[in-house]
């Protein structure tokens, strides 16, 4: 299967792993319905998975095979692309797509891949790059800069559970890729310092930290008076090397 197809499968699924079918018409998850397309798979290599999902090499996972693909028998190997179906002490997933086990093997035969890089991991890296590029197109400013100051915005009234704990980072720019900022300017950037669920994944600048910052105009008029830009997404801080990628992609 060509890398483009692997990339499409990754875009549709949260999990990708190699595995060998140990049992057909079986499950490791209590109370999960079993039919001719329910199999127990011994995981070989985990190629792509969220950190919160407990999927490790050597573990077993119940896979509900796609109706659009051939069924599998005990002993057959494949690379599975899937989404979660049941979580708990045991994991069950619903298959989105499947390729041969060879698609997860390190290879240098495919154009553009370095030796030792699998087609699946190469596709995952390309997909992640696509997300950054698309996010960068939506940013109001993109600067290469270093944090030179941090300051908390004082709050009024008692603290509450969902307080974002607003801070301001002052970024000293040395290169501007996008936006109405001059190289060398200091830019005030608002960020949520809370670890609450809604904002925990947003960047939390540290003193002296450098990188490529994707900035968005501050939406709240009151907060905009203190900082014209804010950090809204985990993608808003990138390694400086990403600047070359953005240039190549016309951002």
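Coordinate-derived values only; no laboratory data. Just so it is clear, the structure is predicted and the values come from calculations on it, not from any experiment. Neighbour counts run over all protein chains shown; Cβ positions are idealised from the backbone, glycine included.
In units of 2.2 N^0.38 Å, what is the alpha-carbon radius of gyration of segment 3-104?
My calculation over the Cα atoms of segment 3-104 gives 0.95.
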Who wins for biggest fluctuation among 187, 53, 39 in a Gaussian network model of the chain, springs between alpha carbons below 10 Å?
53
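Just round it to a whole percent: the fraction of Cα-Cα distances in segment 183-251 exceeding 18 Å. Provide the component values of the computation, followed by the final result.
Values: 1048 of 2346 pairs.
In whole percent, the long-distance tail amounts to 45.
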For the chain, what does the relative contact order come out to in percent, with C-alpha contacts under 8 Å and a separation of six or more?
14 percent
Taking 0.36 nm per intervening residue step and subtracting the Cα-Cα distance, what contour gain separates residue 206 from residue 32 on full extension?
58.0 nm
For helix 3-12, what angle does its Cα long axis make with the longest principal axis of the chain, in degrees from 0 to 90 and rounded to 10?
80 degrees
If you build the convex hull over the alpha carbons only and average its shadow over all orientations, what do you get for segment 137-248? Give it in nm² to one decimal.
7.0 nm²
Quick one: Cα centre-to-centre distance for segment 58-81 and segment 183-251, in angstrom?
42 Å
Looking at the calculated P(r) for the chain, what percent of the C-alpha pair distances fall above 30 Å?
46 percent
Ordering of 137-148, 197-208, 40-51 by packing [mean C-beta count within 10 Å, highest first]:
137-148, 40-51, 197-208
How much length is gained on full extension from residue 178 to residue 87, taking 0.36 nm per residue of separation minus their Cα-Cα distance?
28.5 nm
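Tell me, what is the FRET efficiency for residue 165 and residue 60 to the nearest 0.05, using R0 = 51 angstrom and their Cβ-Cβ distance as r?
It comes to 0.75.
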Between the modelled labels at residue 217 and residue 25 (7 Å from Cα along Cα→Cβ) the distance in nm is 6.4 nm
Per the rule of 0.36 nm per residue minus the C-alpha distance, extending residue 68 to residue 51 adds in nm 3.2 nm
How far apart, in nanometres, would the label points at residue 125 and residue 14 be if each is projected 7 angstrom from Cα along the Cα-to-Cβ direction?
2.6 nm
